[in-house]
Amino acid sequence: MEEKVPRSNIIETEIPLGTVHPAALEPYRVRLFVEDEIVQEAEITIGVNHRGIERIMEGLPVEKGNALTEKICGICSNSHVWNSCRTAEIGLDIELPERATYIRVIMGELERLHSHFLYLAHGCETVAHETFSMRVFYLREIVMELLAMIGGNRVQYGCPIIGGVRPRCDLNEAKLQRLKDDMDKLEEGLTGFAERFLADSILISRITGVGVLPTKQAIKLAVTGPTLRATGVARDLRTNMYEYDDFDFNVVTQPDGDVKSNLLMRVLESFESIKIIRQAVANIPEGKVVNRDWEMFDTDLIESYIEVPRGTLYHSYALESGRIRHCIIRTPSMANIGAMQYACIGDHITDAQLSIVQCDPCFTCTDRAIEIIRR
């Protein structure tokens with residue numbers, strides 16, 4: 001008697017998300033095409049909340065334009081004003097005091113910590129693990145208080161200005177000691193979170209092999225930052241920034257490009273940020289925090305690239321009579337969001353192009369990650 005084979009019914013459906021949705025941190029619309037609870041394809045629409053900041057900056061005095069860039073993003077407000085000031089400093093050939101450079105690095109790494117912790121917390125919340133989410137938010141609160149201590153606000157700190165940082169953001173001995181103490185707290189708390197996170201077999205099974213972005217496709221789509229490094233590519237623009245010449249840190253990568261790799265990237269990069277802040281606190285030079293001995297003059301188009309929590313941030317403009325002309329700002333999220341629908345693009349990158357940026361991946365398994373964290 002012939003055995004009957006059960007009929008497989010594949011249910012195909014479309015799930016729209018956004019432009020306003022509690023699981024989305026940015027204003028974009030996603031159409032998810034699902035087969036039996038597996039997302040097979042995504043269609044993304046961006047640009048639904050265009051505020052025209054580049055156009056508003058046209059003709060503004062450069063100091064006012066720099067302040068406006070803080071409003072681009074609440075999570076990475078310091079990154080935007082840092083790069084905008086850096087653009088003017090490159091064009092006007094302004095030399096920064098060393099102490100100001102160290103303070104900018106401290107602020108940049110604190111902002112990286114709070115951005116990575118936010119990513120981790122929402123990632124845990126999305127997979128319905130509220131305990132892990134609240135643990136990370138508790139750690140993030142320590143970082144937010146440090147940012148408020150230095151800049152005066154929990155968001156939009158107004159720290160960098162052309163020539164350095166605002167004098168109110170200078171660090172006295174008490175603030176340096178608090179930074180040092182809180183880095184110890186963060187390292188202890190983050191280590192405990194990471195060990196529990198990696199030891200949760202059910203959670204790891206849900207995020208391993210899910211949402212995979214292959215290395216070749218990530219390069220093809222110009223993905224940047226920790227999302228690119230999660231595919232095994234050791235590209236971190238901080239290695240090319242003069243501000244980081246005095247600091248020793250590792251460029252962390254993960255090999256698989258899946259959700260687990262992206263989450264582990266934020267954990268392991270946070271340890272590197274803690275290490276950088278400790279070095280800055282221990283070795284910060286004496287001296288002034290702002291150089292006001294510079295002159296304004298007209299320039300051609302000036303460009304500046306820096307590494308921010310989500311990847312490479314680009315700012316460019318020209319100066320005419322002290323006013324901004326032809327401003328262009330490119331955030332890393334534009335490329336990273338587009339990679340969500342990579343399957344529609346195709347995989348046509350050559351091995352020669354890949355060899356330019358390909359590296360040997362580190363932390364290739366969960367056990368290796370735990371070993372490094374415990375050290």
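The loop-placed chymotrypsin sites (Phe, Trp or Tyr not before Pro) in segment 271-309, going by DSSP, that have at most 16 neighbouring Cβ atoms within 10 Å of their Cβ come out as W294, F297.
Between E320 and A174, the modelled labels are 4.9 nm apart [label points 7 Å from Cα along Cα→Cβ].
Probing with 1.4 Å while keeping every protein chain in the model, the per residue accessible area of segment 95-249 equals 41 Å². Surface analysis of segment 21-81 yields an accessible area of 55 Å² per residue, using protein heavy atoms and a 1.4 Å probe. Within the listed set T331, T191, T131, the Gaussian network model of the chain (springs between alpha-carbon atoms below 10 Å) gives the highest mean-square fluctuation for T131.
Is the shape of segment 57-185 best called rounded, prolate or oblate, per the rule: a/c under 1.5 gives rounded, else a/b larger than b/c gives prolate, else oblate, with a ≥ b ≥ c the square roots of the Cα gyration tensor eigenvalues? Taking the square roots of the gyration eigenvalues as a ≥ b ≥ c, segment 57-185 is oblate.
With both labels modelled 7 Å from their Cα along Cα-to-Cβ, the I204 to V127 distance reads 1.1 nm.
When only Cα pairs under 8 Å and 6 or more residues apart are kept, what is the percent relative contact order across the chain? Dividing the mean separation by the residue count of the chain yields 21 percent.
Taking Cβ atoms as reference points and 12 Å as the exclusive limit, the residues near E41 contribute a net charge of -3, counting Lys and Arg as +1 and Asp and Glu as -1. For segment 184-200, backbone nitrogen atoms closer than 17 Å to the point 7 Å from A282 Cα along Cα-to-C-beta are found at 184-188. For the set K180/K288; K220/K260; K64/K220, the pairs lying more than 31 angstrom apart at their alpha carbons are K64/K220. Helices that extend 18 Å or more along their long axis by alpha-carbon positions and average at least 0.5 on the Kyte-Doolittle scale are, among the DSSP H runs of the chain, 130-151.
Overall, the accessible surface of the chain at a probe of 1.4 angstrom is composed of carbon and sulfur to the extent of 50 percent. The modelled label-to-label distance between R51 and T13, using points 7 Å beyond Cα along the C-beta direction, is 3.6 nm. Here T191 and N240 are evaluated by their C-beta separation; at R0 = 25 Å the FRET efficiency comes out at 0.25. In segment 286-333, Cα pairs under 8 Å separated by at least six residues give a relative contact order of 31 percent. Rounded, prolate or oblate for segment 138-236? Axes are the square roots of the Cα gyration tensor eigenvalues, ordered a ≥ b ≥ c, and the cut-off for rounded is a/c under 1.5. Oblate. In a fully extended conformation the segment linking N291 and I38 would gain 85.5 nm over its present Cα-Cα distance, using 0.36 nm per residue. Dividing the summed helix terms, -39500 (n - 2.57) for each DSSP H run of n ≥ 4, by the number of residues in the chain produces a 222 nm estimate of -14500 deg cm²/dmol to the nearest 500. Reported to the nearest whole Å, the Cα centre-to-centre distance from segment 153-226 to segment 295-309 is 26.
The values are calculated or read from the model by the stated rules, or taken from the named source; none is laboratory data. In this text, all values refer to a predicted model and were calculated from it rather than measured experimentally. With ideal geometry, Cβ positions are generated from the backbone for all residues, glycine too; neighbour counts draw on all protein chains shown. Just so you know, the surface numbers come from the protein's heavy atoms only, side chains and all, with ligands and any DNA or RNA stripped out. Shrake-Rupley method; radii C 1.70, N 1.55, O 1.52, S 1.80 Å.
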